[in-house]
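Student: Here it is: the structure, laid out below.
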Amino acid sequence: MSLEAVIADNTSAIRELIAALTASAKAAPVPAAPLPDATAALAAEATAEAATAIHEAAKARPTPAGKTKATPAPTPPTAAAPADAVPEQKAASSEPPAAPTTYAEVVAAVTRVAKAKGRDAAVGVFAAFGVANGKELKPEQYAAVVAACAKAAE
């Protein structure tokens, strides 16, 4: 959904709320003197109608897809965890974390397979990932494709 569409939705919702509030203000004018009991009941009824109109206007406004906030599930306190359930700590590796695989590395790996085993072998690597060419791969698949190419080139 574009930003312009969201702004238009918000603007229309605000206009509907203004109309509902304006209608409720006209229905229940503020008197100069204290209200008798019968008039107070009418004013309370008008206020309830205005609140209903506001709620209906809010319900009529569409919620943008994917914009709802999920509340996280509460987690148990850490003090309640038994001592033997402590997760294992991995030793710090002396190697730095590997950099993400780039599309250029995928192209180079597929080219090596094609030169070593032929075009059909390179196409077979792509077929294993359900794509026809490297442009259809997702970035998270790049490392697996490079590994598959290394195995296929052997």
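Please treat every number below as a calculation from the coordinates, not as lab data. Fair warning: this is a prediction, and the values are worked out from it, not measured in the lab. Don't worry about glycine lacking a Cβ; one is built from the backbone with ideal geometry, like all the others, and counts go over all protein chains shown.
Student: Which of the residues spanning the range 96-133 are surrounded by 14 or more Cβ atoms within 10 Å (Cβ to Cβ) and either touching a Cys at 6+ places or on another chain (Cβ under 7 Å) or not in a helix (DSSP H, G or I) (or both)?
Tutor: Within the range 96-133, THR101, ALA109, VAL110, ARG112, VAL113, VAL125, PHE129, VAL131 meet the criteria.
Student: So which pairs qualify, if the first residue must be in the range 101-122 and closer than 17 Å to GLN141 by Cβ, the second must be surrounded by 18 or more Cβ atoms within 10 Å (Cβ to Cβ) and aromatic (Phe, Trp, Tyr), the Cβ gap must be under 6 Å, and the two must be at least 6 apart or on different chains?
Tutor: THR101/TYR142; VAL106/TYR142
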